[in-house]
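Accompanying notes for the structure given below.
The values are calculated or read from the model by the stated rules, or taken from the named source; none is laboratory data. This one's a predicted model, so the numbers in the text were calculated from it and none came from an experiment. Quick reminder, even Gly has a Cβ in these numbers, built from the backbone with ideal geometry, and neighbours come from all protein chains shown.
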Amino acid sequence: MKKRIIALVLLLAFLAFGALAVYFVFFRYDRPEKDLKLALDGMMTRNGEVAGRYMDYASFDRLGGEGTIRDSLMRDFSYEVTSVDSTDKTHATATIAVSNRDIETLYGNFVVDAYQFVISEAYRNEAERLSDDDLRRTIDEMLMEDLADKEVHLRPREIQVEMTRADKTWFIDFDQADFDAIYGGYLTAHENAKTLLGDMSGQALVNVENAYASNIDDADHVLRNAVHFIVDDLWNGVLCNIVSCINAGTDRQGNDYDLDKGLRQLDAMMTEKVTYDVYINNLSEIEYGAVKTGWKNLSDTLGKLVNEIKAAKPEPVDYDYLPDTSKFEAAMDQFVGLIYQTGSESEAETQQETE
């Protein structure tokens, strides 16, 4: 009897040892999901020592900027590994649902503010302008304040990554597009900002000043350009197509239309509009008071319309949402009337002086 009990105990011990060995051989080291989560947790907490064992953490860290900017980017990051498919013992493909603040939108709004600040500097006396270092420092502070304080909606994305096993460790091959999704679109927004803002040097101010030098004394010319920009470029060229796509799935002429691309074009147009904002706001109140009021009304209604469209996140043929453009169209018509009325009065005055 005792021998049977001893034999049974030895058998159970052997089975337990075997199960443990199987776990370590086939699960402990061959589970790519475990190493993937360690990498993602390390990214989330900025623990490069841990994450660096499973991925190129140096590139991820470098692309995220420095100091407060870098740390703010991961403040609201979360993830869920939705699937891991192993093709063999050394290769796997993982699908990850990632979510972060919509940094691309936040950064885009910052760019508008920064661009307006840069242009305003161009209008200051040379002796009063900020130095290159102070200009860069001010812009960085504006961005850090926005990242630290402003609440924006979350931006969910899905990414797929390839994984390779070597020396009992799974290495995750994140590319820049993956990092961009994890950072909430920061990398895309940063590239767009570089195109517009350059390196924030004093030369940027000189370029802006030179661009306006030929028109600074010809307000009627600039205001007519503003009309063409609003009516032809922004309204007919972008907004009408967006509204048509939301309503019918095509642009206003019935052609296929990429709504996401249109919304990105709308962001670019709103950034370009800042140049007119600064110019018109600096016009004489006595001569152009009505025009400035008309532009402010136009800008306010346009801003509300654009923010409403972006917040709705519309789809082509969206039965749940159709933007109301009537207030914007009324403000646009009023501004157009003011500009051509102002231009006609200026031409009449010129003719009277000549006579």
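Taking region 149-222 and the helices (runs of 4 or more DSSP H) fully enclosed by it, the elements with 2 or more residues that are of a type outside the set (Asp, Glu), at pLDDT below 80 and over 26 Å from the mean Cα position of the chain (by Cα) are at 202-213.
If I filter region 235-249 down to residues being in contact with a helix residue (DSSP H, G or I) (Cβ under 8 Å, 6 or more places away or on another chain) and touching a residue at least 60 places away in the same chain (Cβ under 8 Å), which single residue comes out as surrounded by the most Cβ atoms within 10 Å (Cβ to Cβ)? This residue is Leu239.
Quick one: is Arg137 within 24 Å of Ser59 (Cα to Cα) and basic (Lys, Arg)? Spelling it out, it is not the case that Arg137 is within 24 Å of Ser59 (Cα to Cα) and basic (Lys, Arg).
Being loosely packed, with under 13 Cβ neighbours inside 10 Å and of a type in the set (Gly, Ala, Ser) is true for just one of Gly337, Gly303, Gly294. Which residue is that? Please lay out each step first, then the result.
On the way: Gly303 fails: loosely packed, with under 13 Cβ neighbours inside 10 Å; Gly294 fails: loosely packed, with under 13 Cβ neighbours inside 10 Å.
Unique residue meeting the criteria: Gly337.
Here is the figure for region 59-68: residues that are buried (at least 17 other Cβ atoms within 10 Å of the Cβ) and modelled with pLDDT under 75 total 2. Under the condition of being in a helix (DSSP H, G or I) and either in contact with a strand residue (DSSP E or B) (Cβ under 7 Å, 6 or more places away or on another chain) or closer than 25 Å to Leu106 by Cα (or both), the residues counted in region 246-273 number 16. Taking the listed residues Val243, Val278, the one that is in a helix (DSSP H, G or I) and in contact with a Pro (Cβ under 8 Å, 6 or more places away or on another chain) is Val243, with no other qualifying.
On the given criteria, is Arg136 within 18 Å of the chain's Cα centre (by Cα) and either surrounded by fewer than 13 Cβ atoms within 10 Å (Cβ to Cβ) or at pLDDT below 90 (or both)? The answer is no for Arg136.
Note on region 217-234: among residues that are touching a helix residue (DSSP H, G or I) at 6+ places or on another chain (Cβ under 8 Å) and among the acidic types (Asp, Glu), the one that is farthest from Gln341 (Cα to Cα) is Asp233. Exactly one residue out of Lys292, Lys296, Lys273 is modelled with pLDDT of 90 or more, in the same structural domain as Lys313 (by TED's automatic domain parsing) and within 21 Å of Thr325 (Cα to Cα): that is Lys296.
From Val238, Val278, which residue is assigned by TED's automatic domain parsing to the domain that holds Leu338 and under 21 Å from Ala189 (Cβ atoms)? Give the steps one after another, and end with the answer.
Values: Val278 fails: under 21 Å from Ala189 (Cβ atoms).
So the residue among Val238, Val278 that is assigned by TED's automatic domain parsing to the domain that holds Leu338 and under 21 Å from Ala189 (Cβ atoms) is Val238.
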